[in-house]
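Asks: Dropping the structure in here first, questions after.
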Amino acid sequence: MTKFATGHLAKVIQNNRDNLLAGWLEGMLSRSVRRDKAAEKDMAEQAAQFLDMLQATVQKGQDYDIDTGAWSDVRSLLSGISLARVRQGFSPIETANFVFSLKEPLFALLRKELDKDPDALVDETAQTGTLFDRLGLFTIEEFQKGREQIILKQQQELMELSTPVVQLWKDVLALPLIGTLDSARTQVVMESLLQKIVDTGASIAIIDITGVPTVDTLVAQHLLKTVAAARLMGADCIISGIRPQIAQTIVHLGVNLEDVITKATLADAFIVALKRTGATITHANQEQ
């Protein structure tokens with residue numbers, strides 16, 4: 001932990017707040033490609049809040065170690081700004097410039113304040129520069145964390161959208177699968193199917209793999225896990241979309257599907273499901 005007894009940074013901010021804020025905003029806007037009024041207003045509000053918080057933090061004890069509890073409010077503010085800029089489409093460098101743009105006007109004021117004390121100026125400039133470098137790097141780290149969180153959330157939402165569970169008939173659900181079935185997606189498939197079984201009280205679920213390009217041992221295991229989970233909830237499963245190539249692959253892999261009804265098409269599986277529920281189908285495909 002590094003301590004500073006001079007207090008020049010807090011004094012400079014306090015005595016020159018408005019001019020410093022104006023110079024900082026000018027520097028940020030000169031580097032920004034977003035010049036709409038809403039963005040400029042947000043930037044001005046964030047800058048004013050950060051400057052006041054920075055002054056209050058260094059004034060308490062001149063502790064420049066941003067990992068300490070004294071800097072928790074500053075870190076929280078920068079984290080919020082970084083996450084907001086991820087959502088607004090800013091780049092990591094644009095986000096870090098929020099902090100870095102303050103160095104130039106601040107150093108100019110420090111030089112003016114300490115022009116008669118070269119040793120103090122060198123010391124204060126170096127240590128203040130290190131402080132702002134760490135704060136800038138912190139915003140980049142928070143930006144990357146925020147972007148990863150958003151990407152993971154989007155992937156989750158896409159998986160949920162790509163695994164819709166639809167009710168075809170009373171007591172009959174269908175789960176059409178398209179694309180690769182990996183462990184993460186299998187979990188989403190299970191959760192979606194089981195929740196729908198609970199919501200509807202369905203007794204049969206058709207898992208259609210027509211849109212699954214390949215079936216290997218891992219995919220087959222994922223399907224069997226989904227079937228087993230559905231049975232525990234009181235619903236039997238029918239797997240449809242078994243093409244000749246997939247049938248040969250399953251046999252070659254030695255996957256045991258003896259306890260699972262399989263059909264070539266979703267229509268065939270639907271007919272079996274209706275019979276098992278006791279429905280009587282006319283030529284108009286309506287229950288009597």
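The values are calculated or read from the model by the stated rules, or taken from the named source; none is laboratory data. The structure presented is a predicted model; accordingly, all values stated were derived computationally and were not measured. Backbone-built Cβ (ideal geometry, glycine too); neighbour counts: all protein chains shown. Heads up: the accessible areas ignore ligands, DNA and RNA and are worked out on the full protein's heavy atoms, side chains in. Shrake-Rupley method; radii C 1.70, N 1.55, O 1.52, S 1.80 Å.
Asks: Which residue, of ALA56, ALA70, is open to solvent by 10 Å² or more (accessible area, probe 1.4 Å), in a helix (DSSP H, G or I) and out of contact with any strand residue (DSSP E or B) (no Cβ under 7 Å at 6 or more places or on another chain)?
Replies: Exactly one of ALA56, ALA70 is open to solvent by 10 Å² or more (accessible area, probe 1.4 Å), in a helix (DSSP H, G or I) and out of contact with any strand residue (DSSP E or B) (no Cβ under 7 Å at 6 or more places or on another chain), namely ALA56.
Asks: Any chance the range 107-117 includes a residue that's modelled with pLDDT of 90 or more and more than 20 Å from GLY23 (Cα to Cα)?
Replies: No, because not a single residue in the range 107-117 is modelled with pLDDT of 90 or more and more than 20 Å from GLY23 (Cα to Cα).
Asks: Something else about it: Can you list residue pairs whose Cβ atoms sit under 6 Å apart, with the first residue in the range 23-47 being modelled with pLDDT under 75 and the second being open to solvent by less than 100 Å² (accessible area, probe 1.4 Å)? Count only pairs 6 or more apart in sequence or on different chains.
Replies: The qualifying pairs are ARG31/ASN97.
Asks: Now for a different question. Does the range 208-229 contain any residue that is within 17 Å of LYS263 (Cβ to Cβ), open to solvent by less than 10 Å² (accessible area, probe 1.4 Å) and in contact (Cβ under 8 Å) with a residue 60 or more places away in the chain?
Replies: No, the range 208-229 has no match at all.
Asks: Right, something else. Any residue in the range 111-131 that is closer than 22 Å to GLU45 by Cα, in contact (Cβ under 8 Å) with a residue 60 or more places away in the chain, of a type in the set (D, E, K, R) and part of a helix (DSSP H, G or I)?
Replies: no
Asks: Kindly check whether there is at least one residue in the range 177-187 that is over 20 Å from LEU253 (Cα atoms), touching a helix residue (DSSP H, G or I) at 6+ places or on another chain (Cβ under 6 Å) and aliphatic (A, V, I, L, M).
Replies: no
Asks: Turning to a different aspect of this structure: Report yes if PHE143 is assigned to a helix (DSSP H, G or I) and under 14 Å from the mean Cα position of the chain (by Cα), otherwise no. Step through it out loud before you land on a result.
Replies: Numbers: assigned to a helix (DSSP H, G or I): yes; under 14 Å from the mean Cα position of the chain (by Cα): yes.
Taking the combined requirement at face value, the residue satisfies it.
Asks: Would you point out the residue of the range 89-108, among those that are within 28 Å of the chain's Cα centre (by Cα) and among the aliphatic types (A, V, I, L, M), that is nearest to LEU25 (Cα to Cα)?
Replies: Among those residues, the one meeting the criterion is VAL99.
Asks: Quick test for you: out of ILE197, ILE246, pick the one residue that is aliphatic (A, V, I, L, M) and at pLDDT 90 or above. Show your work before the answer.
Replies: Numbers: ILE246 fails: at pLDDT 90 or above.
Result of the check over ILE197, ILE246: ILE197.
Asks: Moving to a separate point now. Looking only at the range 93-109, count every residue that is more than 15 Å from GLN55 (Cα to Cα), open to solvent by less than 10 Å² (accessible area, probe 1.4 Å) and part of a helix (DSSP H, G or I) and tell me the total.
Replies: Selection size over the range 93-109: 3.
Asks: How many residues does the range 209-244 contain that are of a type in the set (Lys, Arg) and either under 31 Å from the mean Cα position of the chain (by Cα) or outside any helix (DSSP H, G or I) (or both)? Even if it seems obvious, please write down each step before you answer.
Replies: Taking the range 209-244 first, the residues of a type in the set (Lys, Arg) are 225, 231, 243.
Among the residues that remain, those that are also either under 31 Å from the mean Cα position of the chain (by Cα) or outside any helix (DSSP H, G or I) (or both) are: 225, 243.
Residues that pass the stated criteria total 2.
Asks: Filter the range 164-187 down to residues that are among the hydrophobic types (A, V, I, L, M, F, W, C) and closer than 19 Å to THR214 by Cα and give me whichever is most open to solvent (accessible area, probe 1.4 Å). Reasoning before the result, please.
Replies: Taking the range 164-187 first, the residues among the hydrophobic types (A, V, I, L, M, F, W, C) are 165-166, 168-169, 172-175, 177-178, 181, 184.
Imposing the further condition that a residue be closer than 19 Å to THR214 by Cα reduces the set to 175, 177-178, 181, 184.
Values: LEU175: 1, LEU177: 3, ILE178: 119, LEU181: 10, ALA184: 57 Å².
If we take residues in the range 164-187 being among the hydrophobic types (A, V, I, L, M, F, W, C) and closer than 19 Å to THR214 by Cα, then ILE178 is most open to solvent (accessible area, probe 1.4 Å).
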